[in-house]
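Beneath this line is the structure, given in structure tokens, with notes to follow.
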Amino acid sequence: MIDYTAVMQTELDRIRQEGRYREFADIRRIQGRFPCAHHFGPEGEREITVWCSNDYLGMGQHPDVIAAMHGAIDHAGAGSGGTRNISGTTHYHVLLEHELAGLHGKEAALLFTSGYVANMATLSTLARLLPGCVILSDAENHASMIEGIRHGRSEKTVWRHNDLADLERQLQAVDAGRPKIVAFESVYSMDGDIAPIAEICALARKYNALTYLDEVHAVGLYGSSGGGIAERDGVADQVDIIEGTLAKGFGLMGGYIAACDAIVDAIRSTASGFIFTTSLAPVIVAGALASVRHLRASTLERAAHQTAAAKLRGILLDRGFPVVTNDSHIVPVLVGDPVLCKTLTDRLLNEHAIYVQPINYPTVAMGNERIRLTPSPLHTDEHMDVLVDAIDHLWGDLGLRRKAA
């Protein structure tokens, strides 16, 4: 007899022994007061400051977004009614897809229930639509891209992270007549480094490969209208397929792709991850539409965001913390030990009312455990001072190193 419960418990015990058991903080954000939230713990409810949200601009709390969502509830009710193929395409979906296509300068866009699903469904479907396809994947690509490639069952090669010479070497090794897809990200979420999009696209064109760019940590945050790094660098027209999310810079939930009509329609018509799932609720889509429209017109949030990120990074570096330096908005501070990383974040929450989640394996490689700070335009100078002073105290208390990375 197999004791299935014991098998599960053994695995959980192993994860705990490795110091990477994950616990969720029970919080409720305070509407209109981001980055403040209420934390529900053993001692009851108390107010905390959130420093690890991917709602990078606080758009999930923006008055225009909240108003649009209230309006959608009043006009359309709660649910979408089903899959997009049955009864789940609402006018909100149509408007948002049109807005997203315009944002990226593409002919069409397609909504998914999350960025994870968008990557998994699109990449796996592309592999099936292109018999004999080879997908060339950056070594640091997100788990959703890796899963999509795996489910497509095409041949895959992995090129060294952001290494143009290695990418070209691998492109040269593929028969010229085979379909090829170069899959990569713009901003890599753990180290915050940025891909050389123009150069990657030039190599893809040289070897007749399709380009697939994940912009989830950049849409809303970069470019004159929030179109991401590709828009900022003036190369969006060189990317065949742009994948993005509504859950980070735009502050809601959902994912999408933007591309030419034929590619989008082919994914819409054949991707099981799109066809067989209930569509996003109108209230979510309406809020996302308001957020995208606002950020296409306003540059204030993006400018303030970059200022906040640069300021926090500078303060931490001045104090000698091992910050992973980059040109993006993400501020990672290396700890290098899963137990100490968890202890640090537990004490930040319990002793200083500061919420930061530990980043451990498998999100990062073992030995690269870190805290990942995400300053927003709504974090004040006082918030930063309290955070850095708390980290400074605990860092010394835990005996952690202070050599800059």
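Starting from the exponent 0.38 and prefactor 2.2 Å, build the expected Rg for region 241-344 from its residue count and divide its actual Cα Rg by it.
Working: Rg = 19.2 Å, N = 104, 2.2 N^0.38 = 12.8 Å.
With N residues counted in region 241-344, Rg over 2.2 N^0.38 Å equals 1.50.
When ranked by the protection proxy of mean other Cβ atoms within 10 Å per residue, highest first, what sequence do the peptides 169-177, 93-101, 244-252, 222-230 form? Let's see the in-between values first.
On the way: 169-177: 13.0, 93-101: 19.1, 244-252: 27.2, 222-230: 23.8.
Top to bottom by mean Cβ count within 10 Å: 244-252, 222-230, 93-101, 169-177.
For region 284-324, with all protein chains in place and a probe radius of 1.4 Å, 62% of the accessible heavy-atom surface sits on carbon or sulfur. Which percent, nearest 5, of DSSP beta bridges in region 184-289 are antiparallel? In region 184-289, DSSP labels about 50 percent of beta bridges as antiparallel.
Counting only alpha carbon atoms, the long axis of helix 300-318 and the longest principal axis of the chain meet at about 50°.
Report in % the part of the accessible area of region 1-149 that belongs to carbon and sulfur, leaving out ligands and nucleic acids; probe 1.4 Å. All intermediate terms of the calculation are to be shown ahead of the outcome.
Working: 4320 of 7610 Å².
Of all accessible area on region 1-149, carbon and sulfur atoms account for 57 percent.
If R0 is taken as 60 Å, the Cβ-Cβ distance between Asp265 and Arg28 corresponds to a FRET efficiency of 0.90.
Under unit Cβ charges (Lys, Arg +1; Asp, Glu -1), what dipole magnitude, rounded to 20 debye, does region 5-88 have relative to its Cα centre? Please report the intermediate quantities before stating the final value.
Numbers: 9 positive and 11 negative charges, 35 e Å.
Dipole size: approximately 160 debye.
A dipole drawn for the chain from +1 and -1 charges on Cβ atoms has a positive end, and of Phe40, Leu340, Val285 the residue lying farthest that way is Val285. Taking all protein chains together, Arg84, Arg372, Arg319 sort by accessible area into Arg319, Arg84, Arg372, largest first [probe 1.4 Å]. Sorting the segments 129-136, 290-297 by their residues' average number of neighbouring beta-carbon atoms within 10 angstrom, most packed first, yields 290-297, 129-136. Roughly what angle does helix 282-297 make with the longest principal axis of the chain, taking Cα atoms, 0 to 90 degrees, to the nearest 10? That helix lies at roughly 90 degrees to the long axis.
Taking 0.36 nm per residue of separation and subtracting the Cα-Cα distance, full extension of the segment from Gln172 to Val386 would add 71.8 nm.
Can you sort Lys206, Lys311, Lys342 by solvent-accessible area, 1.4 Å probe, largest first?
Lys206, Lys311, Lys342
How large is the charge dipole for the chain, taken about the Cα centre, if only the Cβ atoms of Lys, Arg (+1) and Asp, Glu (-1) carry charge, to the nearest 20 debye? Let's see the in-between values first.
Working: 36 positive and 49 negative charges, 99 e Å.
With Lys and Arg at +1 and Asp and Glu at -1, about 480 debye.
Explain nothing, just the number: relative contact order of region 82-193, from Cα pairs under 8 Å at least 6 residues apart, as a whole percent. Computed value for region 82-193: 23 percent relative contact order.
Computed packing ranks the peptides 264-273, 104-113, 195-204 as 104-113, 195-204, 264-273, most packed first, by mean other Cβ atoms within 10 Å. Summing Cβ point charges (Lys, Arg +1; Asp, Glu -1) relative to the Cα centre of region 136-289 gives a dipole of roughly 380 debye. Backbone geometry of region 201-216 corresponds, through the Karplus equation with coefficients 6.51, -1.76 and 1.60 at θ = phi - 60°, to 3J(HN,Hα) couplings of 5, 5, 5, 4, 5, 4, 10, 6, 10, 7, 10, 10, 10, 8, 10, 4 Hz, x marking Gly and Pro.
Say R0 is 41 Å: what FRET efficiency, to the nearest 0.05, do Asp237 and Leu95 get from their beta-carbon distance? Could the numbers behind the result be given before it?
Working: r = 23 Å, r/R0 = 0.57.
E(calc), rounded to 0.05, equals 0.95.
Heavy atoms only, probe 1.4 angstrom, no DNA, RNA or ligands counted: give me Met190, Met8, Met1 ranked by accessible area, highest first.
Working: Met190 40, Met8 120, Met1 235 Å².
Order by accessible area, largest first: Met1, Met8, Met190.
Please report, to two decimal places, log10 I(q)/I(0) for region 323-370 at q = 0.28 Å⁻¹ as given by the Debye formula with identical point scatterers on the Cα atoms and no solvent. Debye curve over Cα of region 323-370, log10 I(q)/I(0) at q = 0.28 Å⁻¹: -1.03.
Per residue, region 153-294 exposes 35 Å² of accessible surface when a 1.4 Å probe is rolled over the protein heavy atoms with every protein chain present. Taking the DSSP bridge list for the chain and keeping only pairs wholly inside it, about 60 percent are antiparallel. Using only Cα atoms, tell me the angle between helix 143-152 and the longest principal axis of the chain; keep it within 0 to 90° and round to the nearest 10. Taking Cα atoms only, the helix is inclined about 30 degrees. The antiparallel fraction among DSSP beta bridges confined to region 132-205 stands at about 10%. The length gained on full extension between Arg16 and Phe40, counted as 0.36 nm times the residue separation minus their Cα-Cα distance, comes to 6.3 nm. Spatially close Lys pairs in the chain, defined by Cα atoms under 25 Å apart and a spacing of eight or more places or different chains, total 10.
Note on the chain: dipole from Cβ charges, positive end direction compared against Val94, Trp51, Ser376; the farthest Cα belongs to Val94. Across region 387-403, coupling constants 3J(HN,Hα) worked out from phi with the 6.51/-1.76/1.60 Karplus curve, θ = phi - 60°, read 4, 5, 4, 5, 4, 4, 4, 6, 4, x, 5, 8, x, 7, 6, 10, 8 Hz, and Gly and Pro carry x.
How much of the accessible area of region 344-405, probe 1.4 Å, is carbon plus sulfur, in whole percent? Kindly include the intermediate steps, with their values, before the conclusion.
On the way: 1360 of 2780 Å².
Carbon and sulfur together cover 49 percent of it.
Pair-distance distribution P(r) for region 44-108, from all Cα-Cα distances in 5 Å bins starting at 0: 4, 11, 13, 18, 19, 17, 9, 5, 3, 1, 0 percent.
The values are calculated or read from the model by the stated rules, or taken from the named source; none is laboratory data. Because the structure is a prediction, the values reported are computed rather than measured. No Cβ is skipped: glycine too gets one built from the backbone with ideal geometry, and neighbour counts run over all protein chains shown. In case anyone asks, the SASA skips ligands and DNA or RNA and just uses the protein heavy atoms, side chains included. Shrake-Rupley method; radii C 1.70, N 1.55, O 1.52, S 1.80 Å.
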